[in-house]
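Each remark here refers to the structure printed beneath this line.
The values are calculated or read from the model by the stated rules, or taken from the named source; none is laboratory data. The structure presented is a predicted model; accordingly, all values stated were derived computationally and were not measured. Cβ coordinates were reconstructed from backbone atoms using ideal geometry, including for glycine residues, and neighbour counts include every protein chain displayed. Protein only, heavy atoms only, side chains kept; ligands, DNA and RNA dropped before computing areas. Shrake-Rupley method; radii C 1.70, N 1.55, O 1.52, S 1.80 Å.
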Amino acid sequence: MIEHPVKVARVGEIAPGKGVAVPPEVSGHPTPIALFHTEDGFRAVDDTCTHLGASLAKGGAVGGEVACWLHNGKFCLDTGEATLYPARASLTTFPVEVRGDEVWLLPTTGD
Ligand code: FES
């Protein structure tokens with residue numbers, strides 16, 4: 001759970017289609033969060049793949065989805081829904097806001 005807005009990146013630091021892992025000590029969330037620069041802006045989801053735990057931030061964001069680099073399971077970056085086997089369980093999503101050239105994660109109401 002994120003309790004306060006937190007700046008996690010500058011817009012230019014994440015190339016389109018790429019992601020970065022935001023560690024717990026930055027976000028305040030107990031597990032890493034993957035932040036992606038998509039065609040429709042920035043999206044944030046759990047970094048830990050629900051299949052076997054790979055870091056999703058190492059995968060690419062294409063067409064609103066992230067493909068896990070380990071077994072190619074896919075997730076929707078808007079809803080967190082698993083969209084391609086072997087991914088089956090959904091990811092938590094996190095609200096993101098761009099303020100000028102800064103990318104912020106916003107507070108969540110619960111996990
Ligand atoms: S660890 Fe992500 S699809 Fe297997």
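Do you know which residues across region 84-111 are within 14 Å of the ligand (Cβ to nearest atom), closer than 19 Å to Gly17 by Cα and out of contact with any Lys or Arg (no Cβ under 8 Å at 6 or more places or on another chain)?
Matches in region 84-111: Leu91 only.
Please specify each residue of region 34-55 satisfying the condition of being hydrophobic (A, V, I, L, M, F, W, C), within 16 Å of the ligand (Cβ to nearest atom) and either at pLDDT below 95 or out of contact with any Cys (no Cβ under 8 Å at 6 or more places or on another chain) (or both).
Ala34, Phe36, Val45, Leu52
What residue, among those in region 4-29 that are closer than 16 Å to Arg99 by Cβ and open to solvent by 70 Å² or more (accessible area, probe 1.4 Å), is nearest to the ligand (Cβ to nearest atom)?
This residue is Glu13.
When you scan region 30-42, how many residues do you find that are closer than 16 Å to Thr92 by Cα and surrounded by fewer than 23 Cβ atoms within 10 Å (Cβ to Cβ)?
4
Can you tell me how many residues in region 64-83 are within 14 Å of the ligand (Cβ to nearest atom) and over 12 Å from Cys49 (Cα atoms)?
2
For region 1-30, name all the residues that are outside any loop (DSSP other than H, G, I, E, B) and of a type in the set (A, V, I, L, M).
The answer is Val6, Val8, Ala9, Val11, Val20, Ala21, Val22, Val26.
Could we say that Thr108 is open to solvent by 30 Å² or more (accessible area, probe 1.4 Å) and in contact (Cβ under 8 Å) with a residue 12 or more places away in the chain here?
The answer is no for Thr108.
What is the residue count in region 56-111 for residues that are of a type in the set (Lys, Arg) and either under 22 Å from Glu13 (Cβ atoms) or out of contact with any strand residue (DSSP E or B) (no Cβ under 8 Å at 6 or more places or on another chain) (or both)?
Total satisfying the criteria: 2.
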